[in-house]
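Everything below concerns the one structure shown next.
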Amino acid sequence: CKKSFLDRPSNSQISSNNFYKSTSDLRLATASLYGGSEWWQFNNEAWLQIGDVLSGTGSFQYNPDLVQLFTRTITAQNGIVTNGWVGLYNVIGQCNGVINAIQQTASSSISAKDKNAAIGEAKFIRAVAYYHLAVYWGAVPIIEDNSKLIKNPLLNRNIVSDVYKFVANDLTYAANNLPKTDDKGRVTTWSAQGMLGKVYLTMAGLGQSGGQRDQKLLDSAIKYAGNVCKNSGLQLFEQNDPNHQGYYDLFRPVNNDSPESLFSLQWVGGVGYGNGNDLQLYFSPTPAILPEKEGGWEPLAPTYDLYQMYSAKDTVRRKATIMLNGDLYPELDQADGGYKATATGLKKHIIGNEKDNNAPTMDPWSSIEHTMILRLADVYLVYAEAILGNNTTTADGDAIKYFNLVRSRAGVDPVLTLSATTLRTERRVELAFEGQYWIDLVRYSYYDPANAVKFLNDQDVNHGRISFTYDPTTKTATRDTTATPLTLPATISSFTLPIPSSEVTTDPKLAQPPVPYY
Amino acid sequence: QTVAITGKVTSSDNSEPIPGANIKIKGSGTGVASALDGTYKIMAKPGDILEFSFLGYEHQIITIKQAGTINVRLNPTSSDLNEVVVVGYGKRARKDLTGSISSIKGDDLRQTQPTTFDQALQGKVPGVIVQQISGQPGGGVSIQINGVSSITGSNSPLYVIDGVIIPPVGDPGTGSNPLNTINPAEIESIDVLKDASATAIYGSQANNGVVVITTKRGKAGAPHITYDFYSGFQEISKRLPAMNLQQFATFINARAVVWGFDSRADFAAPQYLGLGTDWQNALFRRAPENNHTITVSGGDEKTQYLLSTSYFDQEGIALGSDFKRYSVRLNLDNQTTKWLRIGTSLQLAHINENVNSTSSSVINTALSITPDVPVTNSDGSYGGVTDPSGVVQPVANPVALAQIVKDLKTRNQVFGNVYAEIKFTKDLSLRNELSGNFDFTTEDQFSPSYTFGKSTPSPSFVSAAAAQNFYTVIRNFLTYNHNFNKLHIDALAGHESQENTFQNVSGTRRNSPSNDVQGLNSGDATTATNSGDNSQSNPTGGSALESWFGRVNVSWDDRYTLTGNIRRDGSSNFPSYNHWVTTYSGGFAWKINHEDFLKSVKGIDELNLRLGYGLTNNQAIPGNTFVTQLATVSSSLSGTAQFQNNLPNPDVKWESTNDYNAGIDASFLNGRLGFTVDVYDRETHGLLLQVPLPEYSGTVAGYGPGSMQAPYANVGSLSNKGFDFQINSTNIKSQNFSWKTSLTLSRNINKVTSLGAGGDDANLSEKSYVINDIIEKTVVGQPIGEFYGYVFDGIFSKPSDFKTHALPADPNGNPYPVSQAGGGIWYGDRMFKDLNGDGIIDSRDETALGSPIPKFQYGINNTFNYKNFDLNIFFSGSYGNKVFNQVAVPENDPQNHAAFFTSVLNYAKLALVNPNGSASDVNNVYVTNPNTTIVGLRNDNTNDNNRPNSLMIEDGSFLRCKNITLGYTFSPKLLSKISVNSVRVFATVTNVFVITKYKGMDPEIGSWNPLQSGWDQGYYPQPKVFTMGANIALK
């Protein structure tokens, strides 16, 4: 036989060894990092579950894993914990592959600037994944080259401060190498700087206590978040809409990747199980409004605690986030004249069926909503929190300005001074069901553990974590009293998720104390 | 002065004429052959000695006294050692073997009326472990020869059918079996090549042994027409103990009291509810099967033919499964000229399979759907979940799914070979072979739109898929044979190239306008998806193998035989710098009974000692795993994007096995007693495996959305030691009654001797997605696939238990408190042993929980003949293996939101010492049924009661009465009036009973993945089968 008889490259898949020949090839490689299957496990199986159910913003009683999150009795066999872990490391594996392939195999004809920008995108996304790992689990293994695991598969955890340092390094690289503008949906230097502000704000509390944070790191947070606020030229979506519908419209898929979005997962329709955004499939209050009328398997019930956070005027954000009995949503199930809610339920991420969105390929498993992981309003509030820093209150002009921009867009009255509590409440309302509140509470627990634990337990004392019913005629909300979860008080351990037991069994080194990476 | 001798040569067992028998005058070289009707005529002198011989029959010698008639009845050879067995690229008498080869004749194979031939090997071939993977009609079987040596790919042996290599059997899921196109009725014999000295000639593909199947061929003689048929039915052997409706309602009520929610108004008075739906009853049926085979064979001295056609039809015991096979076989041999012989073996098969019950997982659904759901409503529509208060589980009515969903697979298969054999001289010949296996498969799926009660309405879904696989081999080899006085030499040298290509395409659509139009076209075009030519879905796709091979066999004085094999293979599955490898082996055989010191000992027919050594290699991994493959995916940024599909390993290379084998074949007392024993020691190095890395690698070995496929790597070494033993005995042999027994026994000790990567903690672990944890962990020094977890030690039932038993700990290592509240450990939780004694329960308390590999496997076959009756009773068994009863885990969990086994009624029941005292005081509570294994009613699982533990691992030993057959053969006298040669009628019961402690449906659980061996994942169980049939031979 001919010599080539034994060379059988795949004819349907390209080998990475001979792929990266031009800048547009690099763009195809980085495009896959923004969504699709590698983000599927995190987006659908962990993001809201950890970010909002664990933090007491929503609940669902018939899924034992979700109940564990809600009652904070999470064990190492919890499937959501595993999915979050696997999902984030899936993203990291893809990012590592792209970074290493560009560095090792990309054609020399591609400009260094383009290569660095592509690496910057991958490093940004990798940093987002490691940031979530650090917040959820603390010390975790850092992996930069997955192929090294073939020879050395069992890693130790790395100390949490080194994980954050790694995140900050990646983001700094991204901030320096990403362009100021790019195609819609792609990350820019502002995405990286906004994320960097948030990461420094988190790091500022790490290892501190008594409510004090590291001022130098706070200053870094101020620098980067402030730069985004002041110099990016970006503003909140429909900031100046006189009807204050900007917040509501922000979550409609027609406004996917608005300038407010700094990093959104780029979901597409018609890709089926395991590849798309299926948040609404699981969490919708009813299947009636979904593609093929399928789903609503785990309708998330908003908690009374969250409901109480909305002031009387805060109706736009409330209606965009949660449904109350009697609310009318004309954009959902338009063929049947819109959807009138019959109970309390989740609204954010519920976008309706394929006809409502003029997206014929949208199937139950693939909503076309681009889920926002980082948006400008978040960075505004990060900026304000960094300025507040170690003060009890602040009336700093910048802090108040950007804080009130968030409120005024939603038609809520401005404030004159800020405290840690007003900030935490504002973040919870503005970013409800965007996976952020648990991150906020963990950040709190870093520098003020005693009060953070108390804060969690106070939710229970008030039964705040319980769902509620709403009477549209009397306009009153009644806390659900039938199912009171009787749970032991939280401790500081409650702020760290257990590492999946399957991982610890496979890699016993994970049970050992973490080691430095640097 | 010569006289004419005439007569007829017949067979002593069935009185049929033997055409082509040799009749020779001893010492003269004069000889004739018998004609088609067995008659002969030869001229000889009185005093001459006539020698009658025919292959497969004992010689007979008769001294001529005068002219006249001499009719001769030849006795079939009773000693197995005279039989001819297939060695690679040739044949050899068993007594001349140097390698370890076990054989089974077609008739023995067919005793169990198997649907596919591989099922029938169970317990009949020593050293071969056969486990059913699915009882689905025509479903898969896993076969391991002399233990698990290689653990990658299919781990199955190489199948060679009339010289056609069937490409490696991938894991086709639990559904169809690629070997199911072969009709067992057409099989003449099966030879299993076990040790390296036997397999090395097949090179790298034969690392897991070789199963050589020879189909029947025509013989010169009058046409031989046979008609075989049987008909029968199958039924499920065992049902699992599901709760009925009253039990279910009572339990849900009790649980709702504790939980504070999930109470149901319709369950207020369980005693009036009736028994509800027995879903296993509703789903399983008594299913008929029928088989018809007609074979015509015959020929003359130049051309022999066999034409066979058959039809097989079987319904599955679960609704929505059936199997139909139509096949035609044509085997032709032609001696074209003195120097040229040509021929072909061809099979055409057409299979229609309904695999819906497997693809829709109706068996698992039947176990998880609750008894309150009716099969059909009073209006005739299908029932569904209607629970008005609780949550609607997306569990659809399995009976409805089995009936309304279509999943039909059609296979058309052509396989066979053509050959030409050229004889240059008496000693030297060349054989050219062109073999192929062409497989065309389509799969047609339609799922109508339906609504069952409150469960999710589903839109209609159409899917159509077509695939074709072409596998071709070109093979040329020279053979040379020569006798130099006492020295006999035969030699073989050849070249072979194999190529495997495939194409496939599939499309789906949704929303057909009606459930009556089910074609792909009828669906909504805007919902269309399509895919094709995806090597991921066919791991063996597009591969090639090129080989050079040779063999020399030298024997001296019919006493000593030496064999040497060598083969060089190049595989496209490795990077170019690792393409080529050499396989070699040597064997030595000594026929001790031919030595002078034994010649005088009577009663020894054969005594043959065999020694073999070889180095074999394995390449069974998918192609292109040494580079990163980029898959095209949809992206809203750029339309398409490139997803990295696998983590590459550029260092991947051949796996090698050192194989030592020693064996003895013996036969005594004119074949009445015989045995074969083999001992082997195999060391596999550079074990090829898709490495199950920790999940932080972003990889998965198997399916995991968004994870890369784990790399293939050479991970370590594995040792297999063991012995196989087979004894055949004719216990009683008299005119009217005979009793034969054969016993096979196999023992294999498997041990992982090294695992490279990972140091002291290196392991190969496998996760169960049902418990979301590792249940299998292979470590150095233990057998592969060992179960792993905690040791169950009762439930917390009295105050002192909280002092004597450690508690699980939180992520910071602090034990959880003892408390009734969520987040605490409480009465009714399971206790686990604190094996490391550190005062807490964590992963360091896990330990090995037993191996899925049996300590022994055995088969006992007894055949009785009394006059015209024959009776066969066959037992097969397995001892010392463990099974992971994964199916039972959710069904035994009171927190489950689906159906339960009745065992859950025995949940740990809490009571108060002082009824007026506190229910949260640890000293005031106890459990009334402390010996239960079922946890108490809590809406909290801080204890992780379903952590992998010894309760889930059960003893899988079993003794199965595999088959009882009673047959009756009509006497030839009776039949001579009608135009029938022989008639045998029979009745058979298969899977008569099983004796086992295992609580699941069937302890016999095979797997293609040695890391998931012994996992009961709710497979389609093996049915009990009753059949009656007849074998008719026409004149």
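A few notes on this one:
- Counting only other chain Cβ atoms within 10 Å of each residue's Cβ, the peptide A:140-153 averages 6.
- Tensor-based shape of the range A:138-273 (alpha-carbon gyration tensor, a/c under 1.5 rounded, otherwise prolate or oblate): oblate
- Each Lys and Arg contributes +1 and each Asp and Glu -1, all at the Cβ; summed about the Cα centre of the range A:279-369, the dipole is approximately 440 debye.
- Mean separation of Cα contacts under 8 Å, 6 or more apart, over the residue count of chain B: relative contact order %: 11 percent
- Taken residue by residue and averaged, Cβ atoms of other chains lying within 10 Å of the Cβ of B:838-851 number 2.
- Positive contributions from Lys and Arg (+1) and negative ones from Asp and Glu (-1), summed over other residues with Cβ under 11 Å from the Cβ of residue B:683, come out at +1.
- Entries of A:123/A:165; B:105/B:882; B:194/B:486; A:123/A:180; A:165/A:223; A:165/A:509 with Cα pairs more than 24 Å apart: B:105/B:882; B:194/B:486
- Over the residues of chain B, the helix contribution to mean residue ellipticity at 222 nm works out to -1500 deg cm²/dmol, using -39500 (n - 2.57) for each DSSP H run of at least 4.
- In chain A, the calculated helix contribution to ellipticity at 222 nm averages -13000 deg cm²/dmol per residue, counting -39,500 (n - 2.57) for every DSSP H run with n ≥ 4.
- Dipole-positive endmost among A:103, A:178, A:58 within chain A (Cβ charges, Cα centre): A:103
- Of the residues A:405, A:497, the one with the fewest other Cβ atoms within 10 Å heads the list, and the complete ranking is A:405, A:497.
- Taking a straight line from the alpha carbon of residue A:151, these aspartates and glutamates sit under 15 Å away, with near neighbours fewer than eight places off in the same chain left out: A:507, B:651, B:760, B:761.
- Around the Cα centre of the range B:3-74, unit charges on the Cβ atoms of Lys, Arg, Asp and Glu (plus for the first two, minus for the last two) sum to a dipole of about 300 debye.
- Cβ-defined net charge surrounding residue A:108, 15 Å radius [Lys, Arg +1; Asp, Glu -1]: +1
- Here, the protein assembly as shown yields an orientationally averaged convex hull projection of 61.2 nm² when only Cα atoms define the hull.
- When the Cα positions of B:416, B:886, B:400 are compared along the charge dipole of chain B, B:416 comes out farthest toward the positive end, with charges on each C-beta of Lys, Arg, Asp and Glu.
- Pairs exceeding a 30 Å alpha-carbon distance, out of A:198/A:319; B:767/B:999; B:409/B:653; B:977/B:1024; B:65/B:302; B:238/B:406: B:409/B:653; B:977/B:1024; B:65/B:302.
- Relative packing of A:83-89, B:336-342, which averages over residues the other C-beta atoms within 10 Å, highest first: A:83-89, B:336-342
- For the peptide B:758-764, the mean number of other protein chain Cβ atoms found within 10 angstrom of a residue's Cβ is 4.
- Cα gyration tensor category, rounded, prolate or oblate, for chain A with a/c compared to 1.5: rounded
- Cα shape, the range A:426-481, gyration tensor, a/c 1.5 rule: oblate
- Cα-centred dipole magnitude for the protein assembly as shown, charges only on beta-carbon of K, R (+1) and D, E (-1), debye, nearest 20: 3720 debye
- Chain A - percent relative contact order, Cα under 8 Å, separation 6 or more: 20 percent
- Translational diffusion of the range A:279-369, estimated by Stokes-Einstein from the Kirkwood radius over alpha carbon pairs at 37 °C in a medium of 0.692 mPa s, is 248 µm² per second.
- Proximal aspartates and glutamates relative to residue A:355, as straight alpha-carbon distance under 13 Å, when same-chain residues fewer than 8 apart are discounted: A:292, A:331, A:333, A:336, A:363
- Given A:184/A:293; B:26/B:426; B:855/B:962; B:8/B:423; B:26/B:867; B:8/B:602, the pairs whose alpha carbons are separated by over 29 Å: A:184/A:293; B:8/B:423; B:26/B:867; B:8/B:602
- Sequence ranges B:784-793, B:864-873, ranked by mean other-Cβ count within 10 angstrom, highest first: B:784-793, B:864-873
- Packing-based ranking, highest mean first, of A:328-337, B:299-308 given that Cβ atoms within 10 Å are counted: B:299-308, A:328-337
- Rounded to the nearest 10 degrees, the angle from helix A:215-231 to the longest Cα principal axis of chain A is 90 degrees.
- Principal-axis tilt of helix A:449-461 within chain A, Cα atoms, nearest 10 degrees: 50 degrees
- The residues A:309, A:362, B:708, B:831, when put in order of fewest to most other Cβ atoms within 10 Å, stand as A:309, B:831, B:708, A:362.
No lab work stands behind these numbers, since they all come straight from the coordinates. Predicted, not measured: the structure shown is a model, and the values here were computed from it. Counting neighbours? That spans all protein chains shown, and the Cβs are built from the backbone with ideal geometry, glycine included.
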